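Take a look at this one; I'll ask things after.
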Amino acid sequence: MLVSRPDLIDLGDEYETPALATENFRHPILQRLMREQQTISLASNQTVCGTMLTLKALRTFADARQRLS
């Protein structure tokens, strides 16, 4: 991800307590990339399994991507 420099990064849900799922966001290169690129935060229930909520996540990504243009 760091090499490809995506146009949009999904940061996922924020956790109220420390979680290993968010440890990668502390990496200095990713911190810099998040300052330079647009980010969105999808609810975890939209991305954990292929359900109807996945369509909502896809719509959120599509709408955010459209705003980049």
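Answer with yes or no whether Q31 is in a helix (DSSP H, G or I), among the polar types (S, T, N, Q) and over 15 Å from the mean Cα position of the chain (by Cα).
So Q31 does not fit the description; no.
Report the residue count in the range 1-29 for those that are within 22 Å of R67 (Cβ to Cβ) and either of a type outside the set (A, V, I, L, M) or at pLDDT 75 or above (or both).
Selection size over the range 1-29: 11.
Return the residue satisfying two criteria in turn: it lies in the range 1-28 and is of a type in the set (S, T, Y) and not in a helix (DSSP H, G or I), and of such residues it is nearest to A43 (Cα to Cα).
Ranking the candidates gives Y15 first.
Residue by residue, here is whether (1) in contact with a helix residue (DSSP H, G or I) (Cβ under 6 Å, 6 or more places away or on another chain); (2) touching a residue at least 24 places away in the same chain (Cβ under 8 Å) holds:
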{"residue": "R32", "(1), (2)": "no, no"}
{"residue": "S41", "(1), (2)": "no, yes"}
{"residue": "Q46", "(1), (2)": "yes, no"}
{"residue": "G50", "(1), (2)": "no, no"}
{"residue": "L55", "(1), (2)": "no, no"}
{"residue": "T60", "(1), (2)": "no, no"}
{"residue": "S69", "(1), (2)": "no, no"}
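Related question: Please give the number of the condition T51 fails out of (1) under 11 Å from the mean Cα position of the chain (by Cα); (2) farther than 16 Å from A64 by Cβ.
Of everything listed in (1) under 11 Å from the mean Cα position of the chain (by Cα); (2) farther than 16 Å from A64 by Cβ, T51 misses just condition (1).
The values are calculated or read from the model by the stated rules, or taken from the named source; none is laboratory data. Bear in mind that the values here come from a model prediction, so they are computed numbers and not experimental data. Cβ sites come from the backbone with ideal geometry, for glycine too, and all protein chains shown count toward neighbours.
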